[in-house]
Amino acid sequence: MTAHRSDAETPSLRRILGVDPAASGPTGYGVIETDGRNYRVLQYGALRIPPKRQKSSAGACLHDVHALLCQLIEEFHPNAMAVESVFTALNMRTALRLAEVRGVVLLAAEQHGVEVRSYSPREVKACVAGYGHADKKQMQLMVRALLKMEETPEPSDAADALAVALCHIQGEQFARRFGLSAGPGTSPAQRLATNSASRRQSSARISGLQPSR
């Protein structure tokens with residue numbers, strides 16, 4: 001789905017492509033443009049591979065995901081790509097399939113010279129919702145609120161991709177504000193998630209966002 005699109009390119013604007021790779025379900029994607037203060041959603045959605053296509057060959061899904069990412073990169077020219085990392089609690093078979101999908105996502109970025117940053121699911125949730133165990137509905141509501149969207153992003157895979165992009169943007173802003181590097185070790189987004197979790201929980205008064213205790 002395409003939402004708001006900027007009318008003119010400005011040097012101060014940055015575009016981030018968020019990707020939520022999936023082992024068997026839809027692969028979510030979302031492109032956010034920001035000037036450092038305001039957000040603009042350029043496009044979001046989720047690629048669902050038909051079962052017949054999945055069975056046609058072992059590499060059919062990987063081909064389609066790679067083609068989608070190449071198309072998005074060529075259309076929107078993102079400054080960076082934010083990708084959700086492999087969830088370590090997955091079983092081995094699912095983790096391997098997810099790693100394959102993530103591999104072609106990284107390949108598309110490398111082929112187009114786009115910087116890539118990875119974020120764990122808990123890191124994204126803590127950064128965006130202020131709670132590392134937020135459920136999908138809470139994440140959708142929080143993404144809608146932060147991006148001032150007129151409708152809740154659907155499906156949830158698309159909302160997750162937008163959340164990954166938001167995590168990256170907020171991490172960049174945090175790093176610039178405090179002069180932090182983006183080198184190895186704890187990332188700016190991780191520090192931001194840790195420092196802002198309690199503040200986000202107390203300030204976000206959107207129905208259904210607060211975790212039950």
*Straight-line reach from LYS125: which aspartates and glutamates have a Cα under 15 Å away, not including same-chain ones fewer than 8 places off?*
ASP20, GLU84, ASP135, ASP157, ASP160
*Among the aspartates and glutamates, which fall within straight-line cross-link reach of LYS52, defined as a Cα-Cα distance under 15 Å, with same-chain neighbours fewer than 8 residues apart omitted?*
ASP64
_Using the basic label-point model (7 angstrom from Cα toward the beta carbon), what is the HIS77 to GLU115 distance in nanometres?_
1.7
*Give me the distance in nm between label points sitting 7 Å out from Cα along the Cα-to-Cβ direction at HIS133 and ASP35, one decimal.*
4.1
*Rounded FRET efficiency, nearest 0.05, which uses the C-beta distance separating LYS148 from GLN173 and R0 of 22 Å*: 0.85
*Rg (Å, one decimal) plus Dmax (Å, integer) for the alpha carbons of segment 25-142?*
15.1, 46
*Does segment 101-180 classify as rounded, prolate or oblate by the C-alpha gyration tensor (a ≥ b ≥ c root eigenvalues; a/c under 1.5 gives rounded; else a/b over b/c gives prolate, otherwise oblate)?*
oblate
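Please compute the per residue accessible area over segment 36-107 with all protein chains in place, 1.4 Å probe, rounded to a whole number of Å².
I get 58 Å² per residue for segment 36-107.
The values are calculated or read from the model by the stated rules, or taken from the named source; none is laboratory data. Everything quoted here is computed from the prediction, not taken from an experiment. Don't worry about glycine lacking a Cβ; one is built from the backbone with ideal geometry, like all the others, and counts go over all protein chains shown. For accessibility, only protein heavy atoms count, side chains too; no ligands or nucleic acids. Shrake-Rupley method; radii C 1.70, N 1.55, O 1.52, S 1.80 Å.
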